[in-house]
Amino acid sequence: MAVNTMPPRTRPHSHVRPARGAPRRMPKLKTVIVAAAAYVISFLFLFPYVVMLLTSLRSQDSLREVSFWPEEWVWSNLTNFWTSGLAGNLWVTLKVATGSTVLVLLVALPAAYYSARHRFRGRTAFLILVLITQMFQPTAMLVGIYREFYQFGLVDSIWSLILVNGGFNLAFAVWILNAYFASIPRELEEAAFIDGNGRFGALFRITLPLALPGVITALIFTFIAAWNEFVAALTLTTTPENQPLTVALNSFIGQYQVDWQNLFAGSVIATIPVIILFALIERKVVGGLTAGSIK
Amino acid sequence: MRVRPAPRGQSWTAAAMLSPTMVVLALVVLYPLVAAMRESFYESGQRLDADGFVVEGEWFAGLANYAGVVEQRFMNAAFNTTLFTVVTVALEVVLGVAMALVMRRAFRGRAFLRASILIPWAVPTAVAGLMWKWIFQADGVANTLLGTDILWTADGPWAKLAVVIADTWKTAPFVGLLVLAGLQIIPSDVYEAAKVDGSTPWQTFWRITLPLVRPALLVAVLFRLMDALRVFDLPYVLVGPRKQSVETLSGLIWDEATRVHYGPASAYGTALFCYIAVIAFVFVKLLGADLLSDVRSRRREARDVA
């Protein structure tokens, strides 16, 4: 998924003023037309979800009925999910997404902090190298990754998925964190150091709290990307129980009879966490990108 | 920024802080990439040695694995990939700009609109693919609404259109997001000046909005190009693997890899990698100078102010 946005050279607290009103006063009629266009657009974008949601509440027999609304609402499709095998796959997804987020946090934080605070030989080379790894796409490396993990005996293991998802999202995290740390004035940290907090005290009491919005954004991005990942999981897992939800849902397809209502119940459940997380950072994403270009 | 040679102790700290990142990237990106490139020149399996015994092993194959590059299946996949990229990126730019222009306006329910437009971007592609597969079924919602009997998800020309529609729905928000970010930094006095000069909305868009939003748009297009060239999930989920009409280069590579044809898979992977690198390079060369000059002029302005 296209989570890999450009690394915003952000200044943390420069919130974007939501374009309050258009740049110039508009006649009333125009506002109405724009709003109408907006409602049509949002309907077009939401329509597939409505279809998915409604289908997830149908009974098996009424899947083929023509009526838009289900004749009876089968809420048990959503509750049955938790007793089906898919609950195990959701658990795998959760472990992979959490694991790779923790990995990215542990690995990217020191690198980003150090390269933002210190000038050292190879600093630019390091940052550019990290950025270039972002450009390589999974499919070109898939054979290499598969064979590598095969040698380690890590195929079909959750650790390989955690490592791969961590690696795929590391570059973005390093860049965004580096930008945040660089934007925090050194003097603040030094003042805290002189006040007797010690190096680590200064780091944990001053710098990290100030960089927290950046850290959270980077972590949520990693979590969403790992939660949604498909190709690597499809290649690296071989038994159904070890597959994350995205892969497991798709293995329903191609069976003799597809239980669309159960499939969509699973899809709805797989989608809700990502949407909540994305809603949390949405403003920050737009803000970060904008702040980058103002400079 | 001038790099001062670091004192000794510092370079150890640098190594300690940066090495975890380097190790993970080496394991997940660099080694697999190099290994795949090496593999693309080798062949493995069984063959008879000089005495007629079966030996198992790996030997240098030169460019033999690349032979498939000129064959019909690869050419077809390359054509599909290019077609999807051109069509979807073009559609996404037009829609994305339109969405950003609407999202910038103030009206009741704007927050809701923004959320509903941006959500598709966060949804797992695999789930989005399933959703559209259901909509595009033979007796599905799309055919019911249109009153047609099109086999959208069967191998054929309609499958191409289905993938394009689903992909545009999924990623136009991304372009819209980046363009919106670019729009929000255009100072409002520019528009006021244009209005005083009697500029029509049409002129304002082409002469002011578009040129000023260009840098943000170019970044969005670059990212979309690199992403679209490696598309895999949507055709795979929506239509299926090994379907001629929608098989992309990534799909072909995946298929060869699952058939344990590691040599050709690696060769195609290397070819795709080169293709993307060339496109990105040409794009940056053709339009990147513009981006740079933009940065330079901004810096100059900043200096003049100071």
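The values are calculated or read from the model by the stated rules, or taken from the named source; none is laboratory data. All values derive from a computational prediction rather than experimental measurement. No Cβ is skipped: glycine too gets one built from the backbone with ideal geometry, and neighbour counts run over all protein chains shown. Note: areas computed on protein heavy atoms with side chains; ligands, DNA, RNA excluded. Shrake-Rupley method; radii C 1.70, N 1.55, O 1.52, S 1.80 Å.
Tell me, which helices (runs of 4 or more DSSP H) wholly within the range A:190-262 include 1 or more residues that are free of Cβ contacts under 8 Å to residues at least 24 places away in the same chain and out of contact with any helix residue (DSSP H, G or I) (no Cβ under 8 Å at 6 or more places or on another chain)?
Answer list for the range A:190-262: A:198-202, A:208-228.
So which pairs qualify, if the first residue must be in the range B:253-267 and more than 8 Å from every other protein chain (Cβ to nearest Cβ), the second must be open to solvent by less than 20 Å² (accessible area, probe 1.4 Å) and polar (S, T, N, Q), the Cβ gap must be under 8 Å, and the two must be at least 6 apart or on different chains?
B:Gly263/B:Ser40; B:Gly263/B:Asn65; B:Pro264/B:Asn65; B:Ala267/B:Ser40; B:Ala267/B:Asn65
Do you know which residues across the range B:33-51 are in a loop (DSSP other than H, G, I, E, B) and at pLDDT below 75?
B:Asp49, B:Ala50
Before we move on, is A:Val143 free of Cβ contacts under 8 Å to residues at least 24 places away in the same chain, in a helix (DSSP H, G or I), buried (at least 24 other Cβ atoms within 10 Å of the Cβ) and in contact with a Phe, Trp or Tyr (Cβ under 9 Å, 6 or more places away or on another chain)? Before you say what the answer is, go through the steps one by one.
Values: free of Cβ contacts under 8 Å to residues at least 24 places away in the same chain: yes; in a helix (DSSP H, G or I): yes; buried (at least 24 other Cβ atoms within 10 Å of the Cβ): yes; in contact with a Phe, Trp or Tyr (Cβ under 9 Å, 6 or more places away or on another chain): yes.
The answer is yes for A:Val143.
Would you mind stating whether B:Ala100 is assigned to a helix (DSSP H, G or I) and open to solvent by 20 Å² or more (accessible area, probe 1.4 Å)?
Against the criterion (assigned to a helix (DSSP H, G or I) and open to solvent by 20 Å² or more (accessible area, probe 1.4 Å)), B:Ala100 does not qualify.
Given (1) at the interface with another protein chain (Cβ under 10 Å from one of its Cβ atoms); (2) under 15 Å from A:Tyr113 (Cα atoms), identify the lone condition not met by A:Phe168.
Checking A:Phe168 against (1) at the interface with another protein chain (Cβ under 10 Å from one of its Cβ atoms); (2) under 15 Å from A:Tyr113 (Cα atoms), the one that fails is (2).
State which residue is farthest from B:Ala220 (Cα to Cα) when the search covers only the range B:152-190 and only residues that are in contact with a helix residue (DSSP H, G or I) (Cβ under 7 Å, 6 or more places away or on another chain) and hydroxyl-bearing (Ser, Thr, Tyr).
For the range B:152-190, the residue satisfying everything is B:Thr153.
Would you please name the residue that is nearest to B:Trp134 (Cα to Cα), looking only at residues in the range B:228-241 that are at the interface with another protein chain (Cβ under 9 Å from one of its Cβ atoms) and open to solvent by 30 Å² or more (accessible area, probe 1.4 Å)?
Taking the candidates together, the pick is B:Tyr236.
For the subset of the range A:136-168 comprising residues that are under 26 Å from B:Cys274 (Cβ atoms) and hydroxyl-bearing (Ser, Thr, Tyr), which member is modelled with the lowest pLDDT?
In this case the residue turns out to be A:Thr139.
Please determine, by comparing only the residues of the range B:116-159 that are hydroxyl-bearing (Ser, Thr, Tyr) and open to solvent by 20 Å² or more (accessible area, probe 1.4 Å), which one is farthest from the other protein chains (Cβ to nearest Cβ).
Only one residue fits best here, namely B:Thr148.
Is there a residue being out of contact with any Leu (no Cβ under 6 Å at 6 or more places or on another chain), at pLDDT below 50 and open to solvent by 60 Å² or more (accessible area, probe 1.4 Å) anywhere in the range A:34-53?
no
Would you mind stating whether A:Thr207 is away from every other protein chain (no Cβ under 11 Å) and either buried (at least 17 other Cβ atoms within 10 Å of the Cβ) or over 22 Å from A:Ala111 (Cβ atoms) (or both)?
Considered against the rule, which asks whether it is away from every other protein chain (no Cβ under 11 Å) and either buried (at least 17 other Cβ atoms within 10 Å of the Cβ) or over 22 Å from A:Ala111 (Cβ atoms) (or both), A:Thr207 comes out as yes.
Please enumerate the residues belonging to the range B:42-56 that are open to solvent by 60 Å² or more (accessible area, probe 1.4 Å) and hydrophobic (A, V, I, L, M, F, W, C).
Passing the criteria: B:Leu48, B:Ala50, B:Phe53, B:Val54.
If B:Ala280 satisfies every condition in (1) more than 9 Å from every other protein chain (Cβ to nearest Cβ); (2) in contact (Cβ under 8 Å) with a residue 40 or more places away in the chain; (3) surrounded by fewer than 18 Cβ atoms within 10 Å (Cβ to Cβ) but one, which is the exception?
Among (1) more than 9 Å from every other protein chain (Cβ to nearest Cβ); (2) in contact (Cβ under 8 Å) with a residue 40 or more places away in the chain; (3) surrounded by fewer than 18 Cβ atoms within 10 Å (Cβ to Cβ), B:Ala280 violates only (1).
For the range B:271-300, what are the residues that are modelled with pLDDT under 90 and among the hydroxyl-bearing types (Ser, Thr, Tyr)?
B:Ser293, B:Ser297
Taking the conditions exactly as written (more than 9 Å from every other protein chain (Cβ to nearest Cβ), out of contact with any Asp or Glu (no Cβ under 9 Å at 6 or more places or on another chain) and open to solvent by less than 10 Å² (accessible area, probe 1.4 Å)), does A:Ser76 satisfy them or not?
Criteria not met by A:Ser76.
Hey, can you tell me all the residues within the range A:54-73 that are open to solvent by less than 40 Å² (accessible area, probe 1.4 Å), free of Cβ contacts under 8 Å to residues at least 60 places away in the same chain and either of a type in the set (Gly, Ala, Ser) or in contact with a Gly (Cβ under 6 Å, 6 or more places away or on another chain) (or both)?
A:Ser62
Identify, please: which residue in the range A:79-136 is open to solvent by less than 20 Å² (accessible area, probe 1.4 Å) and of a type in the set (Phe, Trp, Tyr) and is, among those, farthest from A:Leu245 (Cα to Cα)?
Looking at the filtered set, the residue picked out is A:Phe120.
Which one of these does B:Asp189 not meet: (1) facing chain A (nearest Cβ under 10 Å); (2) free of Cβ contacts under 8 Å to residues at least 60 places away in the same chain; (3) closer than 30 Å to A:Arg64 by Cβ?
For B:Asp189, the failing item is (3).
Which residue pairs have Cβ atoms closer than 7 Å, lie 6 or more positions apart in sequence or on different chains, and pair a first residue in the range B:81-108 that is not assigned by TED's automatic domain parsing to the domain that holds B:Met226 and among the hydroxyl-bearing types (Ser, Thr, Tyr) with a second residue that is open to solvent by 40 Å² or more (accessible area, probe 1.4 Å) and assigned to a helix (DSSP H, G or I)?
Filtered contacts from the range B:81-108: no entries.
With the condition being in contact with a Gly (Cβ under 6 Å, 6 or more places away or on another chain), I'd like the helices (runs of 4 or more DSSP H) fully within the range B:113-212 carrying at least 3 qualifying residues.
B:157-183
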